[in-house]
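Asker: Below is the structure I would like to discuss, written out as structure tokens.
Here, each number is a calculation from the coordinates, and none is a lab measurement. A quick note: this is a predicted structure, and the numbers were derived from the prediction, not measured. In this analysis, Cβ positions are derived from the backbone assuming ideal geometry, glycine residues included, and neighbour counts consider all displayed protein chains.
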Amino acid sequence: MSTTPRIAIVGAGLGGLVCARVLQQHGVPVTVFERETGPRSRSQGGTLDIHEDTGQAALHAAGLFDQFLALSRPEGQEWRLYDRHATLIRHDQADDDDLSRPEIDRGQLRALLLDSLTPGTVRWGHLARAVTSLPRGTARLHHHDRTGEDFDLVIGADGAWSRVRPALSDAQPFYAGVTLVEAHFDDVDHRHPDIAHLVGRGTMSAKAGHRSLVLQRNSNGHVRAYINFRGPRNWHAGLDLADTQAVRARLLAQYQGWHESLLDIVRDNDGGFINRPMFVLPVPHSWQRVPGITLLGDAAHLMPPVGVGANLALLDGAELAQAVIARSSIDEALDAYESVMLPRAADHAKTAQQMLTTLMPDSDSDDAVFPDSLWPTSNLPDPHPAHTS
């Protein structure tokens, strides 16, 4: 470009950070605005399987692939599928040299991206209030303190409840009919050996009808559990979600008749439960071009957490940065980026909705297994915290 563009990224998630990293690699300055007060102000979620053709491609573009491999867990690609009687139906293990989708903790990947940026790139504790389009193709970012800054490009990478999205689209996330209730196990190999046996080195799922129980091994002996079911968003009506024993009793009632070893996932977790109703955007979600403003990741295409969301966010971020670097104007860059990203996102979102319907049907018929077309790339779930209300 003839002049260096002023670029703001709203949201220090994976997609926004990889975008900032690629821009900085090519000498383009960028500022990231993040509402969190610091890099460790909250948990960043569970484990992610990073795919060759999407997330790994983005990390190659960012020059961080080798560092990612050093942190990743290829053995985490192991997958076990049980029925509700705890009968092992299928067990897949990756070869030692299989790097098609190694696992990594979301927090570790985010830390890797943050550490790769120029110090001071992220402005912590800055909540974006809104974005408005200005004449001559620029945009104004309105901060929570009622001040504003003007940029040539404002990128909404701020997740499900994006403050940037309303500048482009009236679409709002809606409840997908499925809730994930999260639980945790610490030092699992020593304190919870039966849970460690169920999950193995990677992920396990036990499924019957519109209910499932999922375990995912994270690093450092930590396992996250997801109690997943189709039902009303207010399934906990009359409960205090902070009352662990009352929530546990309600959940156990939903899984009556399941094998005792599986019910231990609900009975023996460390600490309480976290309610995560699943929200999605309409499919397809698109918008008419607004100069100087665009979206990536969940802000653009929030979809069911079937293992593609984080990968697409990473790819979006890298490709948007590359478009800015390669084109002579921001408008040309947005043409190049959105013409690829929007149809790709629509295809993935449609597939994700179909997978969710198959994995979590409306009926409560007895044990159904994953079709081969969904195995094992549908690493359900990846409940990014942005999915919560």
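Asker: I want the antiparallel fraction of DSSP beta bridges within the chain, as a percent rounded to 5.
Answerer: 75 percent
Asker: While we're looking at this one, here's another question. Residue separation times 0.36 nm, minus the C-alpha to C-alpha distance between Asp170 and Gln288: what's the value?
Answerer: Gain in length upon complete extension: 41.3 nm.
Asker: Averaging the inverse of every distinct alpha carbon separation and then flipping it gives the Kirkwood radius. What is it for region 1-136, in angstrom units?
Answerer: Every distinct Cα pair counted, the radius reaches 17.1 Å.
Asker: Next question. What's the magnitude of the charge dipole for region 141-202 around its Cα centre, counting Lys and Arg as +1 and Asp and Glu as -1 at the beta-carbon? Answer in Debye, nearest 20.
Answerer: For this selection, approximately 200 debye.
Asker: When Cα extents along the principal axes in Å is calculated directly from the model, which label among [x] 78, 50, 33; [y] 66, 48, 36; [z] 58, 48, 45 fits?
Answerer: The value computed from this structure is option [y].
Asker: With only Lys, Arg, Asp and Glu charged, each at its Cβ (+1 for the first two, -1 for the last two), find how big the charge dipole of region 174-293 is about the Cα centre; round to the nearest 20 debye.
Answerer: With only Lys, Arg, Asp and Glu charged at Cβ, the dipole is about 640 debye.
Asker: Could I ask something else about it? Quick query: amide H of Arg90 versus all other amide H atoms, modeled in the peptide plane; which residues come in under 5 Å with a sequence gap of 5 or more or a different chain?
Answerer: So Arg90 has HN proximity to Leu81.
Asker: Tell me, what is a quarter of the convex hull surface for the C-alpha atoms of region 268-336, in nm² with one decimal?
Answerer: 6.8 nm²
Asker: Right, here's the next one. Please report, in debye to the nearest 20, how large the charge dipole of region 116-249 is about its Cα centre when each Lys and Arg carries +1 at its beta carbon and each Asp and Glu carries -1 there.
Answerer: Computed about the Cα centre, the dipole is about 340 debye.
Asker: Specify the inter-centroid distance of region 294-366 and region 119-143, based on alpha-carbon positions, in whole Å.
Answerer: After rounding, the separation between the Cα centres reads 23 Å.
Asker: Using a cut-off of 12 Å between beta-carbons, work out the net charge of the residues near Met341 (Lys and Arg +1, Asp and Glu -1, Met341 not included).
Answerer: Neighbourhood net charge equals -4.
Asker: Determine ³J(HN,Hα), in whole Hz, for all residues of region 92-101 in sequence, where each value follows from phi through the Karplus function 6.51 cos²θ - 1.76 cosθ + 1.60 and θ = phi - 60°; x replaces Gly and Pro.
Answerer: 10, 10, 7, 5, 4, 9, 7, 10, 5, 7
Asker: May I pose another question? Nearest 0.05, what FRET efficiency do Arg129 and Asp150 give at R0 = 22 Å with Cβ-Cβ as r?
Answerer: 0.90
Asker: Moving on to the next point. Taking 30 Å as R0, compute the FRET efficiency from the Cβ-Cβ separation of Asp53 and Thr358 and round it to 0.05.
Answerer: 0.85
Asker: With each run of n ≥ 4 DSSP H residues scored as -39500 (n - 2.57), what mean residue ellipticity at 222 nm is computed for the chain after dividing by its residue count and rounding to the nearest 500 deg cm²/dmol?
Answerer: Rounded to the nearest 500, the figure is -9000 deg cm²/dmol.
Asker: I need the shape label for region 133-284. Rule: rounded when a/c is under 1.5, else prolate if a/b > b/c, else oblate, with a, b, c from the alpha carbon gyration tensor.
Answerer: prolate
Asker: Per residue of region 110-126, what does 6.51 cos²θ - 1.76 cosθ + 1.60 with θ = phi - 60° give for ³J(HN,Hα)? Whole Hz please, x for Gly and Pro, Karplus curve as stated.
Answerer: Ordered by residue, 3J(HN,Hα) equals 4, 4, 4, 5, 4, 5, 7, 8, 4, x, x, 4, 8, 9, 6, x, 10 Hz.
Asker: Going toward the positive end of the dipole of the chain, with +1 on Lys and Arg Cβ and -1 on Asp and Glu Cβ, which of His51, Leu281, Met303 do you reach last?
Answerer: The Cα lying farthest towards the positive end belongs to Leu281.
Asker: Shifting gears a bit: In whole Å, how far is the Cα centre of region 216-238 from that of region 4-77?
Answerer: 26 Å
Asker: Convert each backbone phi in region 256-261 into a coupling constant with the Karplus relation 6.51 cos²θ - 1.76 cosθ + 1.60 (shift: θ = phi - 60°), then list the ³J(HN,Hα) values in order as whole Hz, x for Gly and Pro.
Answerer: Those phi angles translate into 4, x, 6, 4, 4, 5 Hz.
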